[in-house]
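Taking it in order: structure first as structure tokens, then the write-up.
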Amino acid sequence: MKHMDVFCNMYGKRIPVGRLANADGGILFQYAESFLHSGLWLSPFKLPLQPGVFEDERKTFDGLHGLFNDSLPDGWGLLLLDRKLKASGASLQELSPLDRLALVGTWGMGALEYEPEDFRAGPDEEFLDLDGLAEESRQILNDDGSLEAVNTLLRLGGSSGGARPKILCDVRQSDLMIKASGSKPDFEPWMIKFRAKEDPSDMGLVEYAYSVAARETGVEMPETCLFPSNVSEGFFGIKRFDRAKGMKIHTHTACGLLHANHRYPSLTYEGLMTLSQQLTKDYRETEKMIRLMVFNVKSGNMDDHSKNFSFLMDAEGQWKMAPAYDLTPSKGFGGEHSTTVNGKGKNITDTDLVVAAANFISEANVKKMIADVENALQRIPEIMEAAKVRRSLKR
């Protein structure tokens, strides 16, 4: 694909952003003249709102700027895309990032949309069977599974990021009824996850319990739910924060904002605090980042890479930190946190947490956060037991 038009469909208003083009091994971008007067800095650090042609000469994301790379899936979504393309006879080596964006089209996370669009969602599914979809996901992870299953799961969540299989769907809160996205007004958009190969059988229950504990410590979390299953303790679900009242919200990860590739340890929590302060200009948002740092360290969530921190833009162009997500104990890179604290990736002490946050909040405030997190984490077994008894639980 030689060129592609980019649109921003935010809060019910769709406007042209600019054009992407392949050129001499690189990817060029230029804002539409009309968008230059919008006042919306969609990616303020790497794509300033100004005339001219932009190119990422470092090719951090195969030539794409981080703003657009955030629209591409990775892990599970990328696996599904590649399976579909391979089945169609396409050469994966010859595909450009623009070819992949065409498959994302209007179905990506956040508010950006791309034309021309190669992928069509097709008709809405009937009510979804989570156990059946989980089994199809397992087969695909094991290099099995039909093309029909690939197409179904691609339609239900191929644009999402992360390594774990998942679907994007609509849920009716009153009875936890699940349908494909684009359903009736009494349904709301959610993401529901299935197990990866290396996950324990109770992974959904574990992630649900940690989401409850995080919320109890003051970490801002979307609504979460343990959806019932006949073959496991349940499936973890989280309400989407890039959607509100049927409208899309512009979402940008720290990975895309800073061109900090999430496949490598590339961030410090001190840097994330500075990013939050500079982007939001609100100390309360920076405190959210500090609280999340404390929770990740104390819970052993070492998979705290650059794609696991996001920011949201409102209709006036004001930024805030997105709610937290992907909060479970994990090994990270070589047994160390992907994001360092006071220069350390492991054996992080309370003193390190205090020192890292010293330029933003007091030692007493950090120690209060630490105590809150430690108390909440002690309740994990209790939360898990309550969830197992009730089989499904919303918060």
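The values are calculated or read from the model by the stated rules, or taken from the named source; none is laboratory data. Just so we're clear, the structure is a prediction, and the values are computed from it rather than from any experiment. FYI the Cβ positions are ideal-geometry reconstructions off the backbone, even for glycines, and counts take in every protein chain you see.
Might you let me know whether segment 331-341 holds any residue that is polar (S, T, N, Q), touching a Gly at 6+ places or on another chain (Cβ under 6 Å), assigned to a strand (DSSP E or B) and buried (at least 21 other Cβ atoms within 10 Å of the Cβ)?
For segment 331-341, residues polar (S, T, N, Q), touching a Gly at 6+ places or on another chain (Cβ under 6 Å), assigned to a strand (DSSP E or B) and buried (at least 21 other Cβ atoms within 10 Å of the Cβ): absent.
A quick yes/no check of all residues on (1) closer than 22 Å to residue 322 by Cβ; (2) modelled with pLDDT of 95 or more; (3) in the same structural domain as residue 68 (by TED's automatic domain parsing); (4) within 17 Å of the chain's Cα centre (by Cα):
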{"residue": "184", "(1), (2), (3), (4)": "no, no, no, no"}
{"residue": "193", "(1), (2), (3), (4)": "yes, yes, no, yes"}
{"residue": "200", "(1), (2), (3), (4)": "no, no, no, no"}
{"residue": "216", "(1), (2), (3), (4)": "yes, yes, no, no"}
{"residue": "275", "(1), (2), (3), (4)": "yes, yes, no, no"}
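Against the condition in contact (Cβ under 8 Å) with a residue 24 or more places away in the chain and touching a Ser or Thr at 6+ places or on another chain (Cβ under 7 Å), how does residue 307 come out, does it pass?
Answer is yes for this residue.
Condition check: under 15 Å from the mean Cα position of the chain (by Cα) and not basic (Lys, Arg). Does residue 253 satisfy that?
The answer is yes for residue 253.
Need the failing condition index for residue 326 against (1) more than 18 Å from residue 265 (Cβ to Cβ); (2) outside any strand (DSSP E or B), just the number.
Evaluating residue 326 over (1) more than 18 Å from residue 265 (Cβ to Cβ); (2) outside any strand (DSSP E or B) leaves (1) as the failure.
State which residue is surrounded by the fewest Cβ atoms within 10 Å (Cβ to Cβ) when the search covers only segment 141-167 and only residues that are in contact with a Lys or Arg (Cβ under 7 Å, 6 or more places away or on another chain) and hydrophobic (A, V, I, L, M, F, W, C).
Within segment 141-167, the match that is surrounded by the fewest Cβ atoms within 10 Å (Cβ to Cβ) is 141.
More than 30 Å from residue 200 (Cα to Cα), in contact with a strand residue (DSSP E or B) (Cβ under 6 Å, 6 or more places away or on another chain) and of a type outside the set (A, V, I, L, M, F, W, C): is that true of residue 320 in this structure?
Spelling it out, residue 320 is indeed more than 30 Å from residue 200 (Cα to Cα), in contact with a strand residue (DSSP E or B) (Cβ under 6 Å, 6 or more places away or on another chain) and of a type outside the set (A, V, I, L, M, F, W, C).
Looking at segment 384-394, can you tell me whether even one residue there is in a loop (DSSP other than H, G, I, E, B) and either at pLDDT 95 or above or not assigned by TED's automatic domain parsing to the domain that holds residue 213 (or both)?
Yes, because at least one residue in segment 384-394 is in a loop (DSSP other than H, G, I, E, B) and either at pLDDT 95 or above or not assigned by TED's automatic domain parsing to the domain that holds residue 213 (or both).
Show me the strands (runs of 3 or more DSSP E) found entirely inside segment 6-57 where at least 1 residues are assigned by TED's automatic domain parsing to the domain that holds residue 70 and touching a residue at least 40 places away in the same chain (Cβ under 8 Å).
The qualifying strands (runs of 3 or more DSSP E) are 13-23, 26-31.
When you scan segment 74-84, how many residues do you find that are touching a helix residue (DSSP H, G or I) at 6+ places or on another chain (Cβ under 9 Å) and either farther than 20 Å from residue 251 by Cβ or surrounded by fewer than 23 Cβ atoms within 10 Å (Cβ to Cβ) (or both)?
Number of matching residues: 7.
What is the residue count in segment 236-295 for residues that are farther than 19 Å from residue 306 by Cβ and not in a strand (DSSP E or B)?
9
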